[in-house]
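Undergrad: The structure is given below, and queries will be raised subsequently.
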Amino acid sequence: KFIDRYFGKYQGCYNYIQEERDRLLDSKLAISNFGRRRALLEIDSVNEGMVQAALREGINSPIQGDASDITWCAAWRLMKWLRKYKMLSKLVAIVHDAIYLDLYRKELQDILPMWYKFMTDRQWFEKHTGWFCTIRLDIDVKLGPNLWDMKELKGNMGNFQIPAGIV
């Protein structure tokens with residue numbers, strides 16, 4: 001019932017999965033919007049479980065690949081911006097679809113809007129890759145003294161509410 005309700009509400013997701021499944025069975029190749037390619041040789045397996053796993057990976061791979069590529073591009077732009085303005089904050093890690101900064105508190109108000117811009121700037125991605133993401137992008141931001149004590153900021157579309165005591 002849950003799956004039926006979900007696909008009833010998000011018909012585009014159902015259509016994407018079916019179309020991508022058919023394409024994968026023919027090509028055996030997952031391709032992201034940025035051109036990332038992944039061969040899915042297990043699709044030809046006689047083991048139905050391996051075929052289904054390859055199809056799931058193939059359907060999900062372009063989505064995860066695009067999220068990762070968007071993040072890497074945004075991190076590169078953010079790093080260049082931090083250097084250009086001689087910020088003390090440093091980009092320390094990129095993991096899949098997340099950017100981690102060692103953030104100097106006094107720079108938070110300047111960095112947060114740029115971080116948001118670089119992660120959600122669909123026009124930049126179109127200009128540099130030829131691909132335009134039709135879905136509006138948004139980000140979640142967590143702040144804290146370390147990775148274990150981080151709190152998610154409330155707000156969306158770049159309008160984050162920074163709790164007292166963080167700045």
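The values are calculated or read from the model by the stated rules, or taken from the named source; none is laboratory data. In this text, all values refer to a predicted model and were calculated from it rather than measured experimentally. Every residue, glycine as well, gets a Cβ built from its backbone with ideal geometry; the counts of neighbours run over all protein chains shown. We work out accessible area using only protein heavy atoms, side chains counted, and drop any ligands, DNA or RNA first. Shrake-Rupley method; radii C 1.70, N 1.55, O 1.52, S 1.80 Å.
Undergrad: State the label only: which of (i) 17.4; (ii) 8.4; (iii) 12.6 corresponds to mean projected area of the Cα convex hull in nm² computed from the shown model?
TA: (iii)
Undergrad: So, one more: How do 134, 71 stack up against each other in accessible area, from largest to smallest, with a 1.4 angstrom probe?
TA: So, going from the largest accessible area down, we get 134, 71.
Undergrad: Further question: Using the Karplus curve 6.51 cos²θ - 1.76 cosθ + 1.60 with θ = phi - 60°, work out ³J(HN,Hα) for each residue of segment 59-66 in order, rounded to whole Hz, and write x for Gly and Pro.
TA: Each residue's phi maps through the Karplus curve to give 6, 7, 4, x, 5, 5, x, 5 Hz.
Undergrad: May I pose another question? Can you list which of the GluC sites (Glu not before Pro) found in segment 1-81 are DSSP loop residues with at most 10 other C-beta atoms within 10 Å?
TA: none
Undergrad: I would also like to ask the following. How high is the FRET efficiency from residue 142 to residue 44, r the C-beta distance, R0 45 Å, rounded to 0.05?
TA: Here the calculated transfer efficiency is 0.60.
Undergrad: Under 1.5 on a/c is rounded, so check that first for segment 23-77, then, if it is not, pick prolate when a/b is larger than b/c and oblate when it is not; a ≥ b ≥ c are the square roots of the alpha carbon gyration tensor eigenvalues.
TA: prolate
Undergrad: Are there trypsin sites (Lys or Arg not before Pro) in segment 66-148 that DSSP marks as loop and that have at most 16 other Cβ atoms within 10 Å, and which are they?
TA: 86, 136
Undergrad: Decide, for segment 1-52, between rounded, prolate and oblate: order the square roots of the alpha carbon gyration tensor eigenvalues as a ≥ b ≥ c, take rounded if a/c falls under 1.5, and otherwise choose prolate if a/b is larger than b/c, else oblate.
TA: Oblate, because a/c is 1.5 or more while a/b does not exceed b/c.
Undergrad: Also, quick follow-up: Taking a spot 7 Å from the Cα of residue 107 along the direction of its beta carbon, which residues of segment 66-88 have an amide N less than 15 Å from it?
TA: 75-88
Undergrad: About its Cα centre, what dipole magnitude does segment 1-158 give when the only charges are +1 on Lys and Arg Cβ and -1 on Asp and Glu Cβ, stated in debye to the nearest 20?
TA: With only Lys, Arg, Asp and Glu charged at Cβ, the dipole is about 800 debye.
Undergrad: List the longest stretch of the chain that has no exposed loop site; here a site is one of the chymotrypsin sites (Phe, Trp or Tyr not before Pro) assigned by DSSP to anything other than H, G, I, E or B, with at most 16 other Cβ within 10 Å.
TA: Here the longest segment lacking exposed loop sites spans 11-84.
Undergrad: While we're here: Any idea how far apart residue 151 and residue 15 come out in nm if each label point goes 7 Å out from Cα toward Cβ?
TA: 4.3 nm
Undergrad: Report, to the nearest whole %, how much of the accessible area of segment 30-167 belongs to carbon and sulfur atoms, 1.4 Å probe, protein only.
TA: Carbon-and-sulfur percentage of accessible area, whole number: 53.
Undergrad: Under 17 Å from a point placed 7 Å out from the Cα of residue 25 along the Cα-to-Cβ direction: which residues of segment 35-50 have their backbone N that close?
TA: 40-50
Undergrad: On to the next question. So what's the net charge close to residue 50: Lys and Arg +1, Asp and Glu -1, counting the other residues with Cβ under 14 Å from its Cβ?
TA: Charge balance in the 14 Å sphere: -2.
Undergrad: Can you give the accessible area per residue of segment 78-127, in Å², using a 1.4 Å probe?
TA: For segment 78-127, the per-residue accessible area is 67 Å².
Undergrad: Excluding ligands and nucleic acids, what accessible area in Å² is computed for residue 3 using a 1.4 Å probe, to the nearest 10?
TA: Roughly 110 Å² of residue 3 is accessible to a 1.4 Å probe.
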